[in-house]
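Trainee: This structure is in structure tokens; I'll ask about it shortly.
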Amino acid sequence: MKMRTPVVGSLLLATITLAACSTAPPGGSAPASTASGGAVSGTLTMIYSSTFKEALTPVVKAFEQKYPGTKVDVSYSGDDVMSVISTQLQAGTAPDLFISLPGRSVAMGVGLLGSQGKLLDLSDSPWAAGVPRLWRDDLSDKGKLYAYPGTLQGLGGIYNQTKLKELGLEVPKTWSEVLQFCKSAKDHGVYAYAQGFNDAAGPQMMYLVLSSTLVYGPTPDFTQQVRDGKTTLAASPWKQVLEKYKQMYDAGCFGEGALGRTRSQGGDEVAAGKALAVAEVGAGLTPIQKAAPSSEFVMAPIPATDNPADTYMPALPGFTLSGNAQAKNPAAVKAFLNLLAEPGHINEYSKAYMSVPAIPNDAFKPPAVLASFNEAVAAGKSTKLPDWGNPKVNEVAQQGMQAILLGKDTVDGVLQKMQESFEG
């Protein structure tokens, strides 16, 4: 089971309003125009992930129907899609439109590529004003917008609702209820959260969930405060995050053998009803549901305080979409993104990703499993993942969390190591 962990912030409600104009040529059908002018015709070249081909295909068909005579030539690539695009951009052979990633900390980061003059300016797009404020910096450089944000997937508890109903249990809404949930699970011969600690990315899931409520929800600019020397990790609510994680472990929330369990095994145990939930990204829903098609699942936030109003939920962007600054068909690039941004298309595209639109719209009706996450996004109760600026910090945090659980390090000791990595 592969888990795709692609990044989000407090989202502002926005309604997408699309305007289209057309001019009929003599003796022919009307080629439409983009927001910035230019008839839409010819071939639009594109590279996209083969994993999510089913999400894109309906949009491609709709585009070719809307603009008769156009063709979308899509090249689908596997897990190496980002390195393929990066190589093409450097060689000057990239297609008109391609997937990208928010921010500027990776080679395919929108901010980085925008600053290098490699992306098409999309600032005049009709959907641009609806891009959530906290996302805009990750999709921009020097005030210019260079990507359509696409979709958001959640990070929270994936609960086996069928098993919960069988045992007479409910998804916890407070921290005290989380601890009681763990006890009740043990009393019923199962365990609460199937975290996989024997996995490169496994230990981080629970502390990312807890830090959303304890750190980044109340203090969205926390990382900048650390950079500015206004606080340190050890003096911040990150200490509560790691302490509460340890408290869950000591309470038996993760069951026997957690330190040897992989994320894949954890998902299998939730599907089988041996565990009640797992803290995981939305992409983890699909394999779990496939393994137990007759069971009902729900994704919900995992609270970290006893006030439900405090609870936030991390959200991660899927692929963003950017145009090539050297695109041979820039008018078609903008028209394609404008079409995708229409509620009827982005809503179906989002469902195919088990995600929600990054720009919320009132027409989106999420599947029941994503209802809580969609509410969090629409209500501004979602957060970005930590942007350390140095991937070493998260590596130290994951290794440190395992050491804490094994009794080989302390919370203060791990926080100090994280601080040193941050500064280094």
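Trainee: All but one of (1) open to solvent by 20 Å² or more (accessible area, probe 1.4 Å); (2) at pLDDT 95 or above; (3) touching a helix residue (DSSP H, G or I) at 6+ places or on another chain (Cβ under 9 Å) hold for residue 416; state the number of the condition that does not hold.
Mentor: Looking at each condition in turn, residue 416 falls short on (3).
Trainee: Step by step: first the residues of segment 337-362, then only those that are modelled with pLDDT of 95 or more and of a type in the set (Gly, Ala, Ser), then the one that is least open to solvent (accessible area, probe 1.4 Å). Which residue is that?
Mentor: Within segment 337-362, the match that is least open to solvent (accessible area, probe 1.4 Å) is 341.
Trainee: Something else about it: Do we have any residue at all in segment 67-75 that's among the small types (Gly, Ala, Ser), at pLDDT 95 or above and assigned to a loop (DSSP other than H, G, I, E, B)?
Mentor: If we filter segment 67-75 for residues that are among the small types (Gly, Ala, Ser), which is where we start, we get 69, 75.
From what is left, the residues that are at pLDDT 95 or above are 75.
Subsequent filtering for residues that are assigned to a loop (DSSP other than H, G, I, E, B) retains none.
Checked segment 67-75: no residue is among the small types (Gly, Ala, Ser), at pLDDT 95 or above and assigned to a loop (DSSP other than H, G, I, E, B).
Trainee: Between residues in segment 203-219 that are closer than 26 Å to residue 257 by Cβ and residues that are open to solvent by 10 Å² or more (accessible area, probe 1.4 Å) and in a helix (DSSP H, G or I), which pairs lie under 7 Å by C-beta distance while being six or more apart or on different chains?
Mentor: 203/398; 203/402; 204/394; 204/398; 210/244
Trainee: Can I ask one more? Answer with yes or no whether residue 100 is among the polar types (S, T, N, Q) and modelled with pLDDT under 95.
Mentor: No, not satisfied.
Trainee: Would you pick out the residues in segment 281-307 that are surrounded by 23 or more Cβ atoms within 10 Å (Cβ to Cβ) and at pLDDT below 95?
Mentor: 281, 282, 284, listed by residue number.
Trainee: Regarding segment 203-213, can at least one residue be identified that is among the polar types (S, T, N, Q) and over 21 Å from residue 396 (Cβ atoms)?
Mentor: yes
Trainee: Taking strands (runs of 3 or more DSSP E) that do not extend beyond segment 287-352, which have at least 1 residues that are in contact with a strand residue (DSSP E or B) (Cβ under 7 Å, 6 or more places away or on another chain) and over 30 Å from residue 206 (Cβ atoms)?
Mentor: Answer list for segment 287-352: 320-323.
Trainee: Residues in segment 370-405 that are under 16 Å from the mean Cα position of the chain (by Cα) and open to solvent by less than 10 Å² (accessible area, probe 1.4 Å): how many?
Mentor: The qualifying residues number 5.
Trainee: Tell me which helices (runs of 4 or more DSSP H) are completely within segment 90-169 and hold 3 or more residues being crowded, with 24+ Cβ neighbours inside 10 Å, or say none if there are none.
Mentor: Ranges flagged: 110-115.
Trainee: Within segment 234-252, can you find the residues that are in a helix (DSSP H, G or I) and among the aliphatic types (A, V, I, L, M)? Full working, then the answer.
Mentor: Just the residues of segment 234-252 that are in a helix (DSSP H, G or I), to begin with: 238-250.
Within segment 234-252, 241, 242, 248 qualify.
Trainee: Are any residues in segment 183-198 of a type outside the set (Ser, Thr, Tyr), within 15 Å of residue 159 (Cβ to Cβ) and buried (at least 24 other Cβ atoms within 10 Å of the Cβ), and if so, which ones?
Mentor: The first filter runs over segment 183-198 and keeps only residues of a type outside the set (Ser, Thr, Tyr), leaving 183, 185-190, 192, 194-198.
Imposing the further condition that a residue be within 15 Å of residue 159 (Cβ to Cβ) reduces the set to 185, 188, 190, 192, 194-195.
Listed by number, the residues that qualify are 192, 194, 195.
Trainee: Another question, if that's okay. Can you find a residue that is more than 21 Å from residue 346 (Cα to Cα) and modelled with pLDDT of 50 or more anywhere in segment 42-57?
Mentor: Checking segment 42-57: at least one residue is more than 21 Å from residue 346 (Cα to Cα) and modelled with pLDDT of 50 or more.
The values are calculated or read from the model by the stated rules, or taken from the named source; none is laboratory data. Keep in mind that this is a model prediction, so the values were computed, not measured. We place every Cβ from the backbone using ideal geometry, glycine too, and count neighbours over all the protein chains shown. Accessible surface is based on the protein model in full, side chains and every heavy atom, while ligands, DNA and RNA are left aside. Shrake-Rupley method; radii C 1.70, N 1.55, O 1.52, S 1.80 Å.
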